[in-house]
Each structure stands twice: as structure tokens, then as C-alpha cells.
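**Student:** The structure that follows is given in the form of C-alpha cells.
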Amino acid sequence: MLRISTIGYTIKQGFKNIWTNKMFSLASIATMGACIFLFGLIFSVFVNFQYIVRTAEEGVAITVFFTDDADQARIDEIGNEIRGRSEVTQCNFVSAEDAWNSFKEDYFEGDASVAEGFQNDNPLANSANYEVFVDKVESQGELVSYIESLEGVRKVNQSEAATKTLSTVNRLIAYVSVVIIGILLIVAVFLISNTVSMGIAIRKEEIGIMKLIGATDFFVRSPFLIEGVIIGLIGSAIPLGALYFMYNKVIQYVLEKFHMLNSLIQFLPVKQVFESLLPIGLVLGMGIGLVGSVITIHKHLRV
Amino acid sequence: MITLENVSKSYAKGQPAVNDVTLHVDKGEFVFIVGDSGSGKSTMIKLLLKELDPTSGTITVNGQVLNKMRHRKIAKYRRGVGVVFQDFRLLKDRNVYENVAFAQRVIERPNRVIKKRVPEVLTLVGLAEKYKSKPNQLSGGEQQRVALARALVNRPAILLADEPTGNLDPKNSFEIMRLLEEINERGTTVLVVTHNREIVNSFRKRVISMKKGVIVSDEQEGGYVEN
């Protein structure tokens, strides 16, 4: 158990290391800052895209049509069977009349006389259907096969291309993000390791004296661990702060520049993004700092 | 207190630095280890500090067998052994007080103990009034006193001094030696490695002479033996 005075001394030494080694520390903080900034940027894009995909997924529906001999009782049974599936979030019955009314609204708006020509002869008499919504685009294929196997089902329409594109882009963004972030993390660890090893070289004599007068391994090592963590913390707090203030401005700019996006997509509010980005970014920064220090200490500080 | 049994230490190829040395030092003794360069006397200090492990033989200090000591126990062992060097090894960016307090911080003494112990030991070495001075503001003799204060502040049972007067003029050398003698009189076992003939001959203590890693003489109240 460390004494409070020892903890205080260790933290002070950690800061002292950073100060003694100002230029290298600044370089590490800057690199870490760049890494966390890019991470934050990618993270924001990723969560927003996920949000957009999720919203789009909710809007993508399967349409189920029935055979001529399926009476209302059978249609209700089919509805119940579809609703019983776990991936189904909504299943709405659209009668032939509803389908015709909706069609009239969409296509003959402002020209009611054309629709009146049909009088009571509903051209979509055979178009009663269920509109089925699923929780994830990936689960659509399996559900379609299931519905097609049900008795009384004539045809199932699905927007396969749209769903496949969405999930492919989603996956692609995830892979590219992981690769870019991985490379950045390795660079950051390397730079922090470099800074800590400079600190060790500068304090070689002091470390030697410490060892000879009975310092434990932990006592010798802890200022360097603290140094790495502090660099990580500062290097992540600055870009996260910058991202917080930039986020709304960037979204505002994007929506102003590309008006058509307004009706298509919705961005997440900054607070919702930072609820997870802030702790992840800070922990990541400190973690990188710690890993960089630990690797270096193991390599250069065999006490 | 200190026992070496058939201890040898070889570095890579060549003649061993210490060759089949057997000796015993009692609690409270004052011992000079003398010899020319390459005689193995500094290797002896390193072996006693467990900076080096012997190639063969057994070293026992304060009842602890150093050969078998686990890495994590070394720090605690060293807290019982004070050490001073020819080049003082002070931290140049810290003042006298901080240099001595450093030894206490390293072994995690609370601040109230440090505030009591450091002035006490600085008074013992005659530097109480220079506690704010940086090492570069002190003479060689004064720097060695700071190093001594640092070695003593943790109240070690054994004090090892590796050429403590090597960088000092005769006046300062004698003052440091008198201080070591005083420390010994207070109960600390003192081992001084030196090749300073005048000092060894003046103090008439036990003298162990080494040549090419071998003990060639061991005399109570001895003098410097020419090799």
C-alpha cells in the first residue's frame, strides 16, 4: 500500500519528467492529440452513419401479397405468424381500398378526375398486403424465405438492393475505421515510448542511485507510468474539447452546403455522440500512454 | 555480520576479478579493503550490494544469503546497507536537504519522519547550515558529507564506502575518515575500500589487502601492505 506522500511524490516526479523533457513531451502530446482527433472524427462519422443506417432500416419494408383463394381469416393467420417472428418490429395490414387510396393520393393528386374514371372499379383489388418492418436489414433475407413458405402467400416484395448496399457500406466503414485507428494507435504508442525512453536516459543517474538505496521496482517505474498517462490524458482531452465545439458547426455547414441532405438524413446531437466518445477517448488516450510507458520501462528499465 | 565463503567472480573470459575469497566481518567492525587498481576491491563492494552475483561461493549479510535472494527482496536488503562513492553521486538539480531526503522518500518514509531525520543527520555530518545549497555550491569534502548523510539517514547496519576520499585533498580526506570512524563508534559496521596509504596507516584498523582478486593479508590494526 502506497503512502499518500509517496503517491504525491510520484505524481510530482511524473510532471517533472514531462517538464524536463518538454520538447519530446509536446511532440507526444501533439501526436496523441492528432490520433485522438482523428479517432473522434472517425467515431463521429461512424456513429452518425450507424444512426442513418438504423433510421433507413426502420423505413425499409417487406410487402406481402396473398393468393386469390386466401380469405380474410387466412390473411389474419398469416399476419399473426409474421408478428410472432422476433426480428419483426411492425406488421401493418393494408387493404385493397387503402392501397388504391394511397396510390390515388401519390399519383393523381390535383387531378381527381382521372381517378374518378375508375369509379368503383378498384384496379388494385388484388393488392391487399402486409407491410412488414424488421429490426436489422441483415435479417430480411431469412424472413422473406419464411414468409414465402407460408400458405396463402402469393408474392413477397423486398428492397434487397437497398438493404444490401446499406449493410455493405456499414461494414466497410467499420473495417476502414478499425484499420485507420489501429495504425494511429501504433504510431502514438511508439512516440510515447520514445518520450519515456528519453526521460529514462536523462534520469539514468538518479535511477541508479534510487536502486542502490533500496527503491522498489514500482517506486522507480511509477513516475514514468504517470508521465505516459498524463501525456495520454492531455493529448486526448485537447482534441476531444476541440471536436466538441467543432461538431455542431461542421454539421451546420454540411446541411447548409448540401440542402438535399436535409430531408434524407438526420445527424446525432453532439451530447449523444460525446456520451460515449468522451469516456472512450479519454480512456483510450490514457491507455495508449500507459502501454507506451510499460513497453519502454520493460525494455530500458530493468531494475 | 558479513561472511564470504569461497567467493569468485569472473567477467566473461579472463582472470576472475575476485578469486576464491573467504572472509568474515563482525558486527560493529571497521575494515579497510586495500589494493591497487584491478585487485578486485570494487567488485567486492558490488557483490555486497548485490549489484553483481558471484560466479561461485556464498555471500551472507545480516543472516541473508545474497545468492538465493529473490529480485523483489533486493530493495529491502539494500535499505540496510548504506553506500558512498568516490564521485559522490549526488542529484545536481536538488539541494542538500532534498538529496538526503531523497533516500527517505525512496523507501517511502512519511514526511514527518523525513522532516525530523534529515536535519539530524545533516547536523551529524556538519552541514546543517548548508541545507539549501546545491551540490555545485559545495566543496568536494562537503559533497562527500552530503553523500554520507544520505547513506546514513536510513540508519543502515552496514556502511560501504568505495574510495570515499578518492576525489578529496588530504585535509578533507581525514575529516571524512574521522566521520566514518564516528559513525562506526555509534554501532554501524563500516567497510572502506581505498588505496590511500596515509589514511590506512593513520587509522590502524583491520586491513584486508587484495591482489589480483585474492586476499593476500588480513591484519587487525594493520597498515597498508605494498603489493
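Bear in mind that the values in this text are calculations on the coordinates, not laboratory data. Because the structure is predicted, anything quoted here is derived from the model rather than measured. Neighbour counts run over all protein chains shown; Cβ positions are idealised from the backbone, glycine included.
**Student:** Can you tell me the relative contact order of the stretch B:9-122? Whole percent, Cα pairs under 8 Å, sequence separation 6 or more. Write out the running numbers ahead of the final one.
**Tutor:** Values: 57 pairs, mean separation 17.2, N = 114.
Result for the stretch B:9-122 is 15 percent.
**Student:** Turning to a different aspect of this structure: Got a sec? Charge dipole of the stretch A:1-85, +1 on Cβ for Lys and Arg, -1 for Asp and Glu; which of A:A27, A:I42, A:G79 is way out at the positive end?
**Tutor:** Final value for the positive-end residue is A:A27.
**Student:** Along the stretch A:42-48, what does the Karplus equation 6.51 cos²θ - 1.76 cosθ + 1.60 (θ = phi - 60°) give for ³J(HN,Hα), rounded to whole Hz, x for Gly and Pro?
**Tutor:** Once rounded to whole Hz, the list reads 4, 4, 5, 4, 4, 5, 5.
**Student:** Long-range amide H contacts for B:S217: which residues qualify at under 5 Å (H placed 1.01 Å from N, peptide plane, sequence gap of 5 or more or a different chain)?
**Tutor:** B:S209
**Student:** Below 8 Å, C-alpha to C-alpha, sequence gap of six or more: please give me the relative contact order for the stretch B:174-227 in percent. Walk me through the numbers on the way to the answer.
**Tutor:** Details: 47 pairs, mean separation 14.2, N = 54.
Answer for the stretch B:174-227 is 26 percent.
**Student:** Excluding same-chain residues fewer than 8 positions from A:K249, which aspartates and glutamates have a Cα within less than 17 Å of its Cα?
**Tutor:** Once the sequence-local aspartates and glutamates are set aside, nothing remains near A:K249.
**Student:** Follow-up question, since we're still on this one. So how strong a dipole does the protein assembly as shown carry about its Cα centre when Lys and Arg Cβ are +1 and Asp and Glu Cβ are -1, to the nearest 20 debye? Mind dumping the intermediate values first?
**Tutor:** On the way: 60 positive and 56 negative charges, 1077 e Å.
Roughly 5180 debye, rounded to the nearest 20.
**Student:** Restricting to bridges with both residues inside the protein assembly as shown, how much of the DSSP beta-bridge set is antiparallel, in percent to the nearest 5? Spell out each step's value before the answer.
**Tutor:** Values: 32 of 51 bridges.
Counting only bridges with both partners in the protein assembly as shown, antiparallel ones make up about 65 percent.
**Student:** Report the one residue of A:L172, A:I202, A:A188 whose Cα lies farthest in the direction of the positive end of the charge dipole of the stretch A:168-222 (charges on C-beta: Lys and Arg +1, Asp and Glu -1; origin at the Cα centre).
**Tutor:** Towards the positive end, the residue furthest out is A:L172.
**Student:** Which links in A:K136/A:K271; A:K204/B:K116; B:K13/B:K212; B:K27/B:K205 stretch past 20 Å when you go from one Cα to the other?
**Tutor:** Working: A:K136/A:K271 25 Å; A:K204/B:K116 29 Å; B:K13/B:K212 15 Å; B:K27/B:K205 14 Å.
The pairs that break the limit, which is 20 Å between Cα atoms, are A:K136/A:K271; A:K204/B:K116.
**Student:** HN-Hα J couplings of the stretch A:273-284 from phi, Karplus 6.51/-1.76/1.60, θ = phi - 60°, integer Hz, Gly and Pro as x?
**Tutor:** Here the 3J(HN,Hα) series is 5, 6, 4, 9, 5, 4, x, 5, x, 5, 5, 4 Hz.
**Student:** Still on this model: Quick one: putting +1 on the C-beta of Lys and Arg, -1 on the C-beta of Asp and Glu, what dipole do you get for the stretch A:129-228 around its Cα centre, in Debye to the nearest 20? Can you show the working numbers first?
**Tutor:** Values: 9 positive and 11 negative charges, 81 e Å.
Here the stretch A:129-228 has a charge dipole of around 380 debye.
**Student:** While we're looking at this one, here's another question. Over the residues of the stretch A:161-303, compute the C-alpha Rg and express it relative to 2.2 N^0.38 Å. Spell out each step's value before the answer.
**Tutor:** Details: Rg = 21.6 Å, N = 143, 2.2 N^0.38 = 14.5 Å.
The value comes to 1.49.
**Student:** Please work out the FRET efficiency for the pair A:I180 and A:N80, using the Cβ-Cβ distance as r and a Förster radius of 35 Å; give the result to the nearest 0.05.
**Tutor:** Values: r = 47 Å, r/R0 = 1.36.
It comes out at approximately 0.15.
**Student:** If amide H atoms are built 1.01 Å from N in the plane of the peptide, which residues on other chains or at least 5 residues away come under 5 Å of the amide H of B:E29?
**Tutor:** B:V190
**Student:** Return an integer: the convex hull volume of the alpha-carbon atoms of the stretch A:125-236, in Å³ per residue. Could you put the intermediate results ahead of the total?
**Tutor:** Working: hull volume 17.9 nm³, N = 112.
So the per-residue Cα hull volume is 160 Å³.
**Student:** Can you compute the charge dipole magnitude of the stretch B:21-169 about its Cα centre, using +1 on each Lys and Arg Cβ and -1 on each Asp and Glu Cβ, nothing else charged? Give it in debye, rounded to the nearest 20.
**Tutor:** Details: 26 positive and 15 negative charges, 212 e Å.
The calculation lands at about 1020 debye.
**Student:** Just to be sure I understand the curve: with the Debye formula and one point per C-alpha of the stretch B:1-101, what is log10 I(q)/I(0) at q = 0.10, 0.16, 0.22 Å⁻¹?
**Tutor:** -0.33, -0.80, -1.26
**Student:** For peptide B:77-89, how many partner chain Cβ atoms fall within 10 Å of a residue's Cβ, on average?
**Tutor:** Details: counts 1, 5, 4, 1, 3, 3, 3, 0, 2, 0, 0, 0, 6.
Mean shielding by partner chains, rounded to a whole number: 2.
**Student:** Based on the mean of other beta carbon atoms within 10 Å per residue, what is the order of B:210-220, B:67-77, most packed first?
**Tutor:** On the way: B:210-220: 16.9, B:67-77: 13.5.
So the peptides B:210-220, B:67-77, ranked by packing, come out B:210-220, B:67-77.
**Student:** Right, something else. Based on the Cα atoms of the protein assembly as shown, what semi-axes does the equivalent ellipsoid have, where each is the square root of 5 times one gyration tensor eigenvalue, given in whole Å with the largest first?
**Tutor:** Values for the protein assembly as shown, descending: 85, 25, 17 Å.
**Student:** Next up: If you plug each phi of the stretch B:109-125 into the Karplus form 6.51 cos²θ - 1.76 cosθ + 1.60 with θ = phi - 60°, what whole-Hz ³J(HN,Hα) values come out, in order, with x for Gly and Pro?
**Tutor:** These are the phi-based 3J(HN,Hα) values: 6, x, 4, 5, 5, 4, 5, 8, 6, 4, x, 4, 6, 5, 5, 4, 8 Hz.
**Student:** Would you mind classifying the stretch B:131-203 by shape? Square roots of the alpha carbon gyration tensor eigenvalues, ordered a ≥ b ≥ c; an a/c under 1.5 is rounded, otherwise it is prolate if a/b is larger than b/c and oblate if not.
**Tutor:** Oblate shape, in that a/c is at least 1.5 and b/c is the bigger or equal ratio.
**Student:** While we're looking at this one, here's another question. Which whole number gives the average count of other chain Cβ atoms within 10 Å of the Cβ atoms across peptide B:98-106?
**Tutor:** 4
**Student:** Still on this structure, I have one more. Let me have the relative contact order for the stretch A:170-303, percent, based on Cα pairs under 8 Å that are six or more residues apart.
**Tutor:** Relative contact order comes out at 47 percent.
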